[in-house]
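Visitor: Take a look at the following structure, please.
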Amino acid sequence: MLTVFSIIFGAIVGSFLNVCIVRMPKEESIVTPGSHCPRCNHPILFYDNIPFISYLALRGKCRYCKSSISAQYPLVEGITAISSLLLFLKFGPSLNYFFYFSFVAALIVVTVIDLYHQIIPDVISIPGIGVGLLGALIVPSITFFNSLLGILLGGGSLFVVATLYQWLFKREGMGGGDVKLLAMIGAFLGWKSVILTILLSSLIGSITGMIIMVIKGKDFKYAIPFGPFLSLGAVLSLFYGQDLIKWYLGIRA
Ligand SMILES: [Zn+2]
């Protein structure tokens, strides 16, 4: 019963994340006005705003002007619902579940905004650092000290890399947004997982970069956003960190 509820809860949160994704880059309020069609501005009534179901019922079109609704809406709702379910299965009904679900929800918003606009909004990463650090005082899975070390290591290491890169290549490779995002990741996951997140996201990012280069046949002058890779690395560390570290140490031994 609670498992089903975790899916529904995730979908409802996902619906709110869509609002954040659309409005935060424009610095609009995420509370008012209520949902409305971006094309015809008609208010969206509650029965047309049910996650997933309304999209299917309306066949992806606005009820009033029939313009297509972006696939972003059901995608984000679905991904958030699945994340909620997986976290619930991992942590059960606990503070840990809410702590990590808020973390993953923030990463979902960051990822989609970074893909669209190549920015990571400070309104997510900076409060996120605070929530992670204060949350570490009450959740059992991470200590306050570990969270603090995670912030320093996450923010610090990427800051050094970004500065070195800029000094060597005379152009910006990584933005300040990535630095603050990794500090937030450190606040929620602690220092060991920050290292793992950097390794995983660099690995997945380089492979993806090479694939894009092969497909598009370009040299890699344009920057791909790094936020989605950091987010993916962080989620993999959250779910498989312990196993990956054990496996790695096993290979070395
Ligand atoms: Zn419309």
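The values are calculated or read from the model by the stated rules, or taken from the named source; none is laboratory data. Note that the structure is predicted; figures quoted are calculated from it, not measured. Cβ coordinates were reconstructed from backbone atoms using ideal geometry, including for glycine residues, and neighbour counts include every protein chain displayed.
Visitor: Among residues belonging to region 67-79 that are in a loop (DSSP other than H, G, I, E, B) and not hydrophobic (A, V, I, L, M, F, W, C), point out the one that is nearest to the ligand (Cβ to nearest atom). Spell out how you get there, then give the answer.
Guide: Within region 67-79, the first condition is being in a loop (DSSP other than H, G, I, E, B), and the residues that meet it are 67, 69-71.
Then drop every residue that is not not hydrophobic (A, V, I, L, M, F, W, C), which leaves 67, 70.
Details: SER67: 5, SER70: 12 Å.
Filtering first and then ranking leaves SER67.
Visitor: Considering only residues that are part of a helix (DSSP H, G or I) and touching a Leu at 6+ places or on another chain (Cβ under 8 Å), look in region 85-97 and name the one that is surrounded by the fewest Cβ atoms within 10 Å (Cβ to Cβ). Steps first, answer last, please.
Guide: Of the residues in region 85-97, the ones part of a helix (DSSP H, G or I) are 85-91, 95-97.
Pick out the ones that are also touching a Leu at 6+ places or on another chain (Cβ under 8 Å) and you get 88, 97.
Values: PHE88: 20, TYR97: 18.
So, considering only residues that are part of a helix (DSSP H, G or I) and touching a Leu at 6+ places or on another chain (Cβ under 8 Å), the one surrounded by the fewest Cβ atoms within 10 Å (Cβ to Cβ) is TYR97.
Visitor: If you check ILE12, ILE21, ILE82, ILE50, which single one turns out to be part of a loop (DSSP other than H, G, I, E, B) and of a type in the set (A, V, I, L, M, F, W, C)? Give the derivation first.
Guide: On the way: ILE12 fails: part of a loop (DSSP other than H, G, I, E, B); ILE21 fails: part of a loop (DSSP other than H, G, I, E, B); ILE82 fails: part of a loop (DSSP other than H, G, I, E, B).
Exactly one of ILE12, ILE21, ILE82, ILE50 is part of a loop (DSSP other than H, G, I, E, B) and of a type in the set (A, V, I, L, M, F, W, C), namely ILE50.
Visitor: Testing PRO225 on (1) under 30 Å from PRO93 (Cβ atoms); (2) assigned to a loop (DSSP other than H, G, I, E, B), one condition comes back false. Which one is that?
Guide: Just one mismatch for PRO225, condition (1).
Visitor: Something else now. Tell me which residues, restricted to region 124-166, are more than 19 Å from SER202 (Cα to Cα) and either touching a strand residue (DSSP E or B) at 6+ places or on another chain (Cβ under 7 Å) or among the polar types (S, T, N, Q) (or both).
Guide: Across region 124-166, the qualifying residues are SER125, SER141, THR143, ASN146, SER147.
Visitor: How do the pairs read when you match residues in region 53-67 that are within 19 Å of ASN41 (Cα to Cα) with residues anywhere that are more than 7 Å from the ligand (Cβ to nearest atom) and assigned to a loop (DSSP other than H, G, I, E, B), using Cβ under 6 Å and keeping only pairs 6 or more apart or on different chains?
Guide: From residues that are within 19 Å of ASN41 (Cα to Cα), the pairs are GLY60/ILE69.
Visitor: Does GLN118 count as of a type in the set (S, T, N, Q), touching a helix residue (DSSP H, G or I) at 6+ places or on another chain (Cβ under 8 Å) and surrounded by fewer than 16 Cβ atoms within 10 Å (Cβ to Cβ)? It would help to see each step written out before you state the result.
Guide: Numbers: of a type in the set (S, T, N, Q): yes; touching a helix residue (DSSP H, G or I) at 6+ places or on another chain (Cβ under 8 Å): no; surrounded by fewer than 16 Cβ atoms within 10 Å (Cβ to Cβ): yes.
No, not satisfied.
Visitor: While we're looking at this one, here's another question. Hey, among TYR64, TYR100, TYR55, which residue is assigned to a helix (DSSP H, G or I), within 16 Å of the ligand (Cβ to nearest atom) and either out of contact with any strand residue (DSSP E or B) (no Cβ under 9 Å at 6 or more places or on another chain) or closer than 30 Å to ILE142 by Cβ (or both)?
Guide: Details: TYR64 fails: assigned to a helix (DSSP H, G or I); TYR100 fails: within 16 Å of the ligand (Cβ to nearest atom).
Step by step, each of TYR64, TYR100, TYR55 is checked, and only TYR55 is assigned to a helix (DSSP H, G or I), within 16 Å of the ligand (Cβ to nearest atom) and either out of contact with any strand residue (DSSP E or B) (no Cβ under 9 Å at 6 or more places or on another chain) or closer than 30 Å to ILE142 by Cβ (or both).
Visitor: Restricting region 34-52 to residues that are without any contact (Cβ under 8 Å) to a residue 24 or more places away in the chain and away from the ligand (no atom under 13 Å from the Cβ), which is nearest to the chain's Cα centre (by Cα)?
Guide: Applying the first criterion (without any contact (Cβ under 8 Å) to a residue 24 or more places away in the chain) to region 34-52 yields 34-36, 38, 41-48, 50.
Okay, now just the ones that are also away from the ligand (no atom under 13 Å from the Cβ), so 34, 46-47, 50.
Values: GLY34: 24, PHE46: 27, TYR47: 28, ILE50: 22 Å.
Looking at residues that are without any contact (Cβ under 8 Å) to a residue 24 or more places away in the chain and away from the ligand (no atom under 13 Å from the Cβ), I get ILE50.
Visitor: (1) outside any helix (DSSP H, G or I); (2) within 13 Å of the chain's Cα centre (by Cα): which one isn't true of PRO140, the others all being true?
Guide: In the conditions (1) outside any helix (DSSP H, G or I); (2) within 13 Å of the chain's Cα centre (by Cα), PRO140 misses (2) alone.
Visitor: Which one of VAL22, VAL31 is within 16 Å of the ligand (Cβ to nearest atom) and within 21 Å of ALA105 (Cα to Cα)? Steps first, please.
Guide: Working: VAL31 fails: within 16 Å of the ligand (Cβ to nearest atom).
On inspection, the qualifying residue turns out to be VAL22.
Visitor: Give me a count of the residues in region 200-241 that are closer than 21 Å to PHE99 by Cβ and at pLDDT below 85.
Guide: Of the residues in that region, 0 qualify.
Visitor: May I pose another question? (1) assigned to a helix (DSSP H, G or I); (2) within 16 Å of the ligand (Cβ to nearest atom); (3) surrounded by fewer than 16 Cβ atoms within 10 Å (Cβ to Cβ): which one isn't true of VAL4, the others all being true?
Guide: If we test VAL4 against (1) assigned to a helix (DSSP H, G or I); (2) within 16 Å of the ligand (Cβ to nearest atom); (3) surrounded by fewer than 16 Cβ atoms within 10 Å (Cβ to Cβ), just (2) comes out false.
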